[in-house]
1. Which of the residues spanning the range 32-42 are among the acidic types (Asp, Glu), in contact with a helix residue (DSSP H, G or I) (Cβ under 9 Å, 6 or more places away or on another chain) and either free of Cβ contacts under 8 Å to residues at least 24 places away in the same chain or exposed (fewer than 11 other Cβ atoms within 10 Å of the Cβ) (or both)?
2. Which pairs turn up if I take residues in the range 56-85 that are without any contact (Cβ under 8 Å) to a residue 40 or more places away in the chain and look for partners that are assigned to a helix (DSSP H, G or I) and polar (S, T, N, Q) with beta carbon separation below 8 Å, at least 6 apart in sequence or on another chain?
3. Condition first: farther than 15 Å from LYS92 by Cβ and among the charged types (D, E, K, R). Now tell me which residues in the range 17-35 satisfy that.
4. If I filter the range 17-31 for residues that are surrounded by fewer than 12 Cβ atoms within 10 Å (Cβ to Cβ), hydroxyl-bearing (Ser, Thr, Tyr) and modelled with pLDDT of 85 or more, do I get at least one hit?
5. Checking the structure you have, find out if any residue of the range 77-87 is surrounded by 12 or more Cβ atoms within 10 Å (Cβ to Cβ), assigned to a helix (DSSP H, G or I), of a type in the set (Val, Ile, Thr) and modelled with pLDDT under 90.
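The values are calculated or read from the model by the stated rules, or taken from the named source; none is laboratory data. Because the structure is a prediction, the values reported are computed rather than measured. So basically every Cβ, Gly included, is an ideal-geometry build from the backbone, and we count neighbours across all protein chains shown.
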Amino acid sequence: MEIVRGKPKMNEEIKDLKEQLEEKEDELENYDDEESYDQCLDDCNEGLFNMLPSTILKRCDPIAYSCGLSDYEDEGRSDLENAISDLEQEIKDLEEEED
C-alpha cells in the first residue's frame, strides 16, 4: 500500500531539496580542492627531511603535482555534478507527483 503524502509535506520536501541543490551548485561554482589534495598527499605518504610530501612534489615536480591536482579536482567535481543531477531528478519526480 502506497502512502500518499499531503501537499504541504511535499512542498516542504521540494523546498528542502531545492535548498540542498542551491548549496551544491554554489559548492561546485567555488570548487577549489588544492588544500584537500595536499592533505591527501601528506596523509598517504611519509615526509622527507621534515618536508611534507605535497610540498616536495609541488617544488620538485610541479607538472606531476598539477596533473594529480587536476585529476583529484575532476573527481570531486564529478561527484558534485552527480549529486546535483540526483537532486534535480528527485525534485522533478516530486513536482510531477504533486500535479
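1. Of everything in the range 32-42, those that are among the acidic types (Asp, Glu), in contact with a helix residue (DSSP H, G or I) (Cβ under 9 Å, 6 or more places away or on another chain) and either free of Cβ contacts under 8 Å to residues at least 24 places away in the same chain or exposed (fewer than 11 other Cβ atoms within 10 Å of the Cβ) (or both) turn out to be ASP32, ASP38, ASP42.
2. Correct list of pairs: TYR65/SER54; TYR72/SER36.
3. GLU19, GLU22, GLU23, LYS24, GLU25, ASP26, GLU27, GLU29, ASP32, ASP33, GLU34, GLU35
4. No; the residues of the range 17-31 include none that is surrounded by fewer than 12 Cβ atoms within 10 Å (Cβ to Cβ), hydroxyl-bearing (Ser, Thr, Tyr) and modelled with pLDDT of 85 or more.
5. Checking the range 77-87: at least one residue is surrounded by 12 or more Cβ atoms within 10 Å (Cβ to Cβ), assigned to a helix (DSSP H, G or I), of a type in the set (Val, Ile, Thr) and modelled with pLDDT under 90.
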